[in-house]
Amino acid sequence: MVHAILALLVCQLVGEVLVRAAGIPIPGPVVGTLLLLLALAALREVPDPMNAVAGAVLSHLSLLFVPAGVGIMLHVARIRAEWVPLLAALLVSTLLTMAVTALVFFWVMRRMNLHEPERQP
Amino acid sequence: MNDSPTHADNLDLLWVYLQQEPLLWLTATLAAYAFGHWLHRAAGSSPLVNSIAVAIALLVAVLVLSGTSYATYFEGAQFVHFLLGPATVLLAVPLYRNFNRVRRLLVPMLAALLVGSVTAVVSAVVVAAALGASTETLFSLAPKSATTPIAMGIAEEIGGLPSLTAALVIITGIIGAMAVTPLLNTLRVTDWAARGFAVGVASHGIGAARAFQVNQLAGTFAGIAMALNALLTAVLVPLLVGWL
């Protein structure tokens, strides 16, 4: 378990250092993801402790967004003043984006015959 | 009478201690989330009872009622917030496990990404502008489908308010997490990869969190979508804002 956590932190740290050194506008953790992916590809398997950490963290990923979300309390006045355009824009845009993205993905996938019929929800 | 002042003093000292230490608000964050999760389960895992929304509402209420500032709260909550970085790195695990499927679906992914990313920015700005939102609000709104740190950076660059953007990003995530299942069922999009990718483009990590609760493959594609859309939004928004 210690090794898995160490590996995650090292990947993130190297990622943060790389993006700053190169001055590229990519978040450090995203580069860290690529580094870990390369490491797993080199190992040719996911070590059990890493699997355990992934299972525990990814099933409760939502928790990690709570502290940033509480920051909404700083903008109560503006949200109250502009709630109609904000709510309408967020609702319309989020639903439209999901619909359009899913339909384009699904349509291209079927045109290219990449569909896996047994994988349906 | 002689007992109560010392008692009150003790309570004061206790409150001072709790305000200075990160323990209280760290515990409160986990407790609020645990309650949100319990409520979500109690409602039959309905996507309409969102554990993040419940936790945020509860914490904001407690902070406002106790007169606690967000800065004080964040002293404790930062330990949870910090884990976003390592958790992002951890997305490599499902990505590695599903790598062949991801590579096979590269073309549909990129096509959907391009269309979805443009739709996310343009539709939000057009609707808000039509309903009379201020320029500052529009700039804060434009990057709302990108993940929080990227979206805040974009907002700063184009003249929005980064902390307002953070709030709008979270609300976008919650809307997507609540709506994805009923919406894509209605549209009859039955493929887990397509469903996950869509919620990741529209609703970043919160969408991915929801997707992981439902299906591993959907979560994997949502994670990829979140990363790709963060990058594309960072390029697109400054370009599109230059036009508007």
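The values are calculated or read from the model by the stated rules, or taken from the named source; none is laboratory data. None of the values given here were measured: they were computed from a predicted structure. FYI the Cβ positions are ideal-geometry reconstructions off the backbone, even for glycines, and counts take in every protein chain you see.
Figures for the structure shown
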{"item": "Matching entry among B:170, B:175 (being within 7 Å of chain A (Cβ to nearest Cβ), in contact (Cβ under 8 Å) with a residue 60 or more places away in the chain and in contact with a helix residue (DSSP H, G or I) (Cβ under 6 Å, 6 or more places away or on another chain))", "result": "B:170"}
{"item": "Scope segment B:112-139; condition among the hydroxyl-bearing types (Ser, Thr, Tyr) and surrounded by fewer than 18 Cβ atoms within 10 Å (Cβ to Cβ); matching residues", "result": "B:134, B:135"}
{"item": "Flag if residue B:27 is out of contact with any helix residue (DSSP H, G or I) (no Cβ under 9 Å at 6 or more places or on another chain), hydroxyl-bearing (Ser, Thr, Tyr) and either farther than 28 Å from residue B:163 by Cα or away from chain A (no Cβ under 11 Å) (or both)", "result": "no"}
{"item": "Members of segment B:150-171 found to be part of a helix (DSSP H, G or I) and surrounded by fewer than 20 Cβ atoms within 10 Å (Cβ to Cβ), listed by number", "result": "B:153, B:156, B:157, B:158, B:162, B:163"}
{"item": "Residue in segment B:178-211 that is surrounded by the fewest Cβ atoms within 10 Å (Cβ to Cβ), counting only those that are without any contact (Cβ under 8 Å) to a residue 12 or more places away in the chain and under 25 Å from residue B:54 (Cα atoms)", "result": "B:185"}
{"item": "Yes/no for residue A:114 being buried (at least 16 other Cβ atoms within 10 Å of the Cβ) and either in the same structural domain as residue A:5 (by TED's automatic domain parsing) or part of a helix (DSSP H, G or I) (or both)", "result": "no"}
{"item": "2 or more residues more than 7 Å from chain A (Cβ to nearest Cβ) and in contact with a Gly (Cβ under 9 Å, 6 or more places away or on another chain): qualifying helices (runs of 4 or more DSSP H) within segment B:43-132", "result": "B:51-65"}
{"item": "Count of residues meeting criterion [modelled with pLDDT of 95 or more, in contact with a Lys or Arg (Cβ under 9 Å, 6 or more places away or on another chain) and not hydrophobic (A, V, I, L, M, F, W, C)] in segment A:72-121", "result": "2"}
